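A.B. asks: Have a look at this one before I ask anything.
The values are calculated or read from the model by the stated rules, or taken from the named source; none is laboratory data. Predicted, not measured: the structure shown is a model, and the values here were computed from it. No Cβ is skipped: glycine too gets one built from the backbone with ideal geometry, and neighbour counts run over all protein chains shown.
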Amino acid sequence: MTVDLESRKKQKIEDQDEYMDNMDVDLVKLEEIESSESHDFQTLLKLYYQKYFPFKDFYNWLSYGNNSYLRFLSFKDSEELKAEILRLCPIKIDIGAIYNIKPKDKKTVQASAFVPLERELVFDIDMTDYDDIRTCCEGANICLKCWNFMTVSIQIIHRALEDDFGFKHILWVFSGRRGIHCWVCDDKARLLTVESRKAIVNYLELLKGGESQARKVNTRGSVLHPLLEKSLGPCATHFDRIMLDKMGILNSKEHWSKLLAIIPDESIRNELDNEWSKSPDTPASTKWDMLQSRLKGSKKSNLEYLARDILFQYSYPRLDSNVSIGLNHLLKSPFCVHPKTGKVCIPINPKLCHEFNPTTVPTLNGLFSDDNTSDFLLTIEELEEFKAHVEYFKNFTLRLQEARVAKLREQQKNSLDF
Amino acid sequence: MDSRLREYPTTLNFYSIPPTSQINLEEFETWSLDRLQVLIAVDSARLRCKQEADIYKMIEPVLTQKMELKANTVINALGASLLYQQRKKDAYSHFFLRLAYCKTPDLQSWFIRQELMLFKLRFTNSSVEEREWFVKEAKLDLSPISTDSLMEMKYKKEGRGESKDEFAKKFQATLKAVYVEPINFYKVPFEKVPELVGKRQVILMDGFAYIPESERVLLILNAFKDHLKQELENTAKALPRMDEDDRLTPILNSLAKQSISKEYRISDGDGVTADDVDKLSIHFPLCMKSLHSALKRDSHLKHMARIQFGLFLKGIGLSLDEALIYWRKSFNRMTDEEFQKKGYAYNIRYNYGMEGKRTNYTPYSCVKIIQSMPSSNESHGCPFRYFSPDALGEMMQNMNVDQVSINDIQLKAREGHYQIACTALFEATRGKAHEQAQQLAEPIGHPNQYFDYSLNGIKKVKEE
Ligand code: SF4
Ligand SMILES: [Zn+2]
C-alpha cells in the first residue's frame, strides 16, 4: 500500500528513514505550527487516532487476508499499525496501489520497472464538477440541496457496479469536504487492467465534451441502453425535486438561459425565452412541460429526445475518470480527518445514502468539544454519530473476509477432488 | 477429403499441434524467414492503415509470395498435396518463430500482435464454411444463448410486478436498441470485450457481457490470443533444453533481431508530420542534428546520409506519406520530375520496406553509425568520431554548452568513447532537472533512444 501520511507543510522529517525501509510513505509532518488552531488540530488528531480510529477493521480490510503485511507496510497486526500511526500522527492517510517493488526501492530501478500490480477500482465524484449547474453553492461549499447530486450518483453507480459488473464488495466514503469516494474491493476488481477500468468508466460515463460544448449528452432513439433506462428514474426524480423545485434552474433568466443554450435550434430557444420572460413566475414544472412538448413537436430528429438528454445532463453522475482509470492515484483513506474541514471521512451505507447529511458529520473539534465531555468515555461504536457508519464498515470488512474464506474452501475442495 | 488434409482441414489454424516430422536446417531457416517477412509486412501495414481491408490489401502480395494458403474449394484444381504443403509450411513456420520470439516479454508481445492480426485477416477473408469448420475443429466452447433464454435470465433477475409478456416486449425493444442483429448471444466476462463495454454496445449482467453473433469473432480472437500467450510462456520455459542444439541458437537469435532492433523499437508512428521535424530537432542527437542542418543548408543529402537520417525519422514516428512530403520539401531546389527520376521517392519507400527486398528496415544503432566511413564530402556517421575537435567544440558552443563540459566531451571523443561523449552531451544539455538525464545509467546506444529520452523528459517536466 502506498500510504501517504502527510501534513500541511510538505517537509520531510529526518527520523523517517528507518520507517521507510519497507513502505512507501511520503511522510511529512507538521513542521511549523501556523497558529494555535493548527496546534490544537494536531493534538486532537492524536487523540482521535488514539480513541476512535477503527484500526482493527481498517487493518482487516487492507490486508485482504494477508496477515502480517499491510501491503508494503509490514505490520504484524492492527496493534502495531496503531502504534505507528500514533507515533507519526499523520495529518492525512492516502492509499495507493500495490507495487511489484517496494516503493522505497523505487529509486534504485528504472521508472518503467516500477509497476502497480493491484489496485481497488475507485471512483471519485466531486461537487466542483457540478458548478455549472448548481445554483445553491460554489466551489468547496456544499449544502443539502446539492448533496443530492452525490446521492443520485451513489444510487446509479452502485446499482451498475453490482448488477451489471457483478461486484459485491463496494465501499462508499464521504471524502471529508464536497464529494464521495467509492472503493470496489472484489479480488477481480483489484486486478483489473487499465484497459478494463477504462471500459468500465466509459460504460458508466454519459456526459461528453468540455466547457465550450453546451450539449453534453446525446442519446439516440426512444429506447435506452439498460444502464440509462435504469438511471432515468433516479435522475428524473432528482431533476424534478431538486433542480426544478429547490434549485430553481428555470426561475430566473440567468439560470434558464444556461439550460436553453443546450437547444441547438435558435427559434425554439428564443420562443421559450420570450414566453418565460413574459411571465417569469410560471411554475418551473410548467415551463419544463412547455419545453418538452415544444421539442417533441419539432420534426428534427436531433431534438426529439433532447429534453431527456437535458435531464441527464442536469442529474447524471459526473466521474473524475482519471482517478478511476489509472492505478497510481492516491485516495484519502476512510476514517481519516479532512485537514481543511476537520470532518471525519465516514463510510456511507448506499442503502441509506439519502439520509446522509454531510453538514453534520462528526468533526474533530466537535468530538472533543467541552459539551461532549461525557461522550469521551464512549468508544467509537457507541458514539451516536458514528455508530451506523462504523457498523457498516465493519460489516463490509466481515463480508470481504467471508468471501475470502469461502474462496479458500472452494480451492481446497477442488484440490481434494483431483 | 484427402487423408493428408486431415492434419490441416482448413486454411485457418489454431496452432495446437506442434510439428511432428523431421525438417532440415535450411528449410527451418527459409520458412521462418518467410513467415517473418509476412509478420513484418503486417506490422508496417498496421502502422499505415486504419482499415483492416486496407491492411489486407497491403500485405496480400507478401502473403501470396511467402505464405500462400489456398482454400479447400480449389482442391481439385491444385491437388491436395499442394494444399497440404502450403498449410504445413504455415504451421511449421509459426512454431519455429515461437522459438525465436518467446524469449522476452517485448518479443512475445510483438509476435502475438502480428500473429493475431494475421489470423484475424485470414479469418475475415475466409469463407463461411471454412470458419464454421475451424470453430468446430478448434473445440472452442461457443454455445450461443438464444434471445428467449437471455430474456428468461433477465426476467428472473429483474422482472418485478409485471407479466413475462410485458417484460419480453420491453426487452425486445432494448435488444434492438443495443444490438444491430439481436439473435444469438455469447456470454463472456466483461473484461474480455472492453471496447463493446465502453461503447455500451452490450448488455451486462453480473459481470458478464452478452455479445451478439456478429461479434463472435472477438471470442475466437481472444481464444487465439490467450492460447498463443500461454504457449509462448511454455516454450520459453522449455527453451533452455533446446538451447543445447548449437546450430539453432544463432538462427533463432538472428530471427529475433530482425523485427525489433535490440535497443529500440519503432514508435507507433502516431502523429509526427513533415512539419514537426524542424520543431523536434532540438531533441536530435548530434549525428542527426548535423544531418538535419546539412539538409537545410544544401537542400540535399547524399545516399548514406539519407538512409541514416531517413530511418531515424521513421523511428521517431514519421509515416511513409509524411516522409515523402518531408523529403520532397527539403529537396526544394529540385523539380518534381527530377525528384522522381533520381529515385528519391523510391529510396524512401525502400526504407519503409515498400520496395525491393521489402524489408522493414529499423533505424541504425550507434554502433552501426559509428562504424560507417563517410568520405570528406559526405555527412553521415557519428560526429564524435569524424568531426575535428574544433568543429565539435563549435557545434557545442552553438548549443550553449558550458566550456567545462565541452572540454570533457572533446576529451572523451578523442579517447574513442563516442557514445559516452554523446551521453555526456545529453546530460550537459538537458541539465539535472531533466529527470531522464539522471537515469542514463548506461551510455546512449541508439540515436532514437537519445531522442526518446530527450522528448519524454521534456514532456514530464512540462506536466509538472
Ligand atoms: S553516439 Fe550515437 S547517438 Fe550519439 S552522435 Fe554518435 S551515433 Fe549519434
Ligand atoms: Zn448547495
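A.B. asks: Which ones in the range A:115-144 are in a loop (DSSP other than H, G, I, E, B) and either within 16 Å of ligand 1 (Cβ to nearest atom) or surrounded by fewer than 19 Cβ atoms within 10 Å (Cβ to Cβ) (or both)? Walk me through how you get there before you give the answer.
C.D. replies: Taking the range A:115-144 first, the residues in a loop (DSSP other than H, G, I, E, B) are A:115, A:119-120, A:131-143.
Correct list: A:115, A:131, A:132, A:133, A:135, A:136, A:137, A:138, A:139, A:140, A:141, A:143.
A.B. asks: Can you find even one residue in the range B:302-309 that is among the small types (Gly, Ala, Ser) and at pLDDT 90 or above? So that I can check it myself, show each step before the final result.
C.D. replies: Restricting attention to the range B:302-309, the residues satisfying the condition of being among the small types (Gly, Ala, Ser) are B:305.
Next, from what is left, pick out any that are at pLDDT 90 or above: B:305.
Yes.
A.B. asks: Out of curiosity, is residue A:293 surrounded by fewer than 16 Cβ atoms within 10 Å (Cβ to Cβ) and either at positive phi or of a type in the set (Ser, Thr, Tyr) (or both)? Full working, then the answer.
C.D. replies: Details: surrounded by fewer than 16 Cβ atoms within 10 Å (Cβ to Cβ): yes; either at positive phi or of a type in the set (Ser, Thr, Tyr) (or both): yes.
In short, yes.
A.B. asks: Scan the range B:67-77 and give yes if some residue there is closer than 30 Å to residue B:240 by Cβ and part of a loop (DSSP other than H, G, I, E, B), otherwise no.
C.D. replies: Here is the first cut: in the range B:67-77, the residues closer than 30 Å to residue B:240 by Cβ are B:67.
Okay, now just the ones that are also part of a loop (DSSP other than H, G, I, E, B), so B:67.
Looking for residues that are closer than 30 Å to residue B:240 by Cβ and part of a loop (DSSP other than H, G, I, E, B), one finds at least one in the range B:67-77, hence yes.
A.B. asks: Can you find a residue that is farther than 28 Å from residue A:118 by Cα, buried (at least 19 other Cβ atoms within 10 Å of the Cβ) and touching a residue at least 40 places away in the same chain (Cβ under 8 Å) anywhere in the range A:329-339?
C.D. replies: If we filter the range A:329-339 for residues that are farther than 28 Å from residue A:118 by Cα, which is where we start, we get none.
No, that holds for no residue.
A.B. asks: Let me ask something else. Looking only at residues in the range B:179-191 that are surrounded by fewer than 18 Cβ atoms within 10 Å (Cβ to Cβ) and free of Cβ contacts under 8 Å to residues at least 40 places away in the same chain, which one is farthest from the other protein chains (Cβ to nearest Cβ)?
C.D. replies: Once the filter is applied, the top-ranked residue is B:183.
A.B. asks: Next question, about the same structure. Run residue B:215 past the list (1) of a type in the set (Asp, Glu); (2) surrounded by fewer than 15 Cβ atoms within 10 Å (Cβ to Cβ); (3) closer than 29 Å to residue B:15 by Cβ and report the number of the one that doesn't hold.
C.D. replies: (2)
A.B. asks: So, one more: Among (1) surrounded by 21 or more Cβ atoms within 10 Å (Cβ to Cβ); (2) β-branched (Val, Ile, Thr); (3) part of a helix (DSSP H, G or I), which single condition is residue B:10 missing?
C.D. replies: (3)
A.B. asks: Take the range A:193-216 and flag every residue that is crowded, with 21+ Cβ neighbours inside 10 Å and either assigned to a loop (DSSP other than H, G, I, E, B) or within 15 Å of the chain's Cα centre (by Cα) (or both).
C.D. replies: Passing the criteria: A:204, A:206.
So that you can scan it fast, the table gives a plain yes or no per residue for (1) at pLDDT below 85; (2) within 16 Å of ligand 2 (Cβ to nearest atom); (3) within 14 Å of chain B (Cβ to nearest Cβ):
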{"residue": "A:104", "(1), (2), (3)": "yes, no, no"}
{"residue": "A:121", "(1), (2), (3)": "no, no, yes"}
{"residue": "A:124", "(1), (2), (3)": "no, no, no"}
{"residue": "A:127", "(1), (2), (3)": "no, yes, no"}
{"residue": "A:131", "(1), (2), (3)": "no, yes, no"}
{"residue": "A:134", "(1), (2), (3)": "no, yes, no"}
{"residue": "A:140", "(1), (2), (3)": "yes, yes, no"}
{"residue": "A:154", "(1), (2), (3)": "no, no, no"}
{"residue": "A:161", "(1), (2), (3)": "no, no, yes"}
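A.B. asks: Every residue in the range B:160-178 that is more than 13 Å from residue B:213 (Cβ to Cβ), of a type outside the set (Ser, Thr, Tyr) and within 13 Å of chain A (Cβ to nearest Cβ), please.
C.D. replies: So the first thing to find is which residues in the range B:160-178 are more than 13 Å from residue B:213 (Cβ to Cβ), and the list is B:160-174, B:176-178.
If we keep only those that are of a type outside the set (Ser, Thr, Tyr) as well, we get B:160-162, B:164-173, B:176-178.
Passing the criteria: B:160, B:167, B:169, B:170, B:171, B:172, B:173, B:176, B:177, B:178.
A.B. asks: Counting only residues that are assigned to a strand (DSSP E or B) and more than 13 Å from every other protein chain (Cβ to nearest Cβ), which one in the range A:176-192 is nearest to residue A:58 (Cα to Cα)? Write out each step before concluding.
C.D. replies: From the range A:176-192, those assigned to a strand (DSSP E or B) are A:179-184; that's our starting set.
Checking the rest, the ones that are also more than 13 Å from every other protein chain (Cβ to nearest Cβ) come to A:179-183.
Working: A:179: 21, A:180: 18, A:181: 16, A:182: 16, A:183: 13 Å.
Top of the filtered list is A:183.
A.B. asks: Here's a follow-up. Just for the range B:365-383: of the residues that are farther than 19 Å from residue B:293 by Cα and either assigned by TED's automatic domain parsing to the domain that holds residue B:37 or of a type in the set (Ser, Thr, Tyr) (or both), which one is nearest to ligand 2 (Cβ to nearest atom)?
C.D. replies: Here the answer is B:365.
A.B. asks: Report, by residue number, each residue of the range A:163-175 that is surrounded by fewer than 20 Cβ atoms within 10 Å (Cβ to Cβ) and in a helix (DSSP H, G or I).
C.D. replies: Answer for the range A:163-175, where residues must be surrounded by fewer than 20 Cβ atoms within 10 Å (Cβ to Cβ) and in a helix (DSSP H, G or I): just A:163.
A.B. asks: Let me ask something else. Quick one: would you say residue A:145 is more than 14 Å from every other protein chain (Cβ to nearest Cβ) and of a type in the set (Lys, Arg)? Don't jump to the end; show me each part of the working.
C.D. replies: Numbers: more than 14 Å from every other protein chain (Cβ to nearest Cβ): yes; of a type in the set (Lys, Arg): yes.
Against the criterion (more than 14 Å from every other protein chain (Cβ to nearest Cβ) and of a type in the set (Lys, Arg)), residue A:145 qualifies.
A.B. asks: Something else now. Assess whether residue B:343 counts as being among the small types (Gly, Ala, Ser), in the same structural domain as residue B:382 (by TED's automatic domain parsing), out of contact with any Pro (no Cβ under 8 Å at 6 or more places or on another chain) and under 23 Å from residue B:279 (Cβ atoms).
C.D. replies: Working: among the small types (Gly, Ala, Ser): yes; in the same structural domain as residue B:382 (by TED's automatic domain parsing): yes; out of contact with any Pro (no Cβ under 8 Å at 6 or more places or on another chain): yes; under 23 Å from residue B:279 (Cβ atoms): no.
No; evaluated as a whole, the condition is false for this residue.
A.B. asks: Sticking with this structure for a sec: Could you list, ordered by first residue, the pairs with Cβ atoms under 8 Å in which the first is in the range A:145-156 and under 12 Å from residue A:241 (Cα atoms) and away from ligand 1 (no atom under 16 Å from the Cβ) and the second is of a type in the set (Phe, Trp, Tyr) and in a helix (DSSP H, G or I), at least 6 apart or interchain?
C.D. replies: Sorted first by the residue in the range A:145-156, then by its partner, the pairs are A:146/A:130; A:149/A:130.
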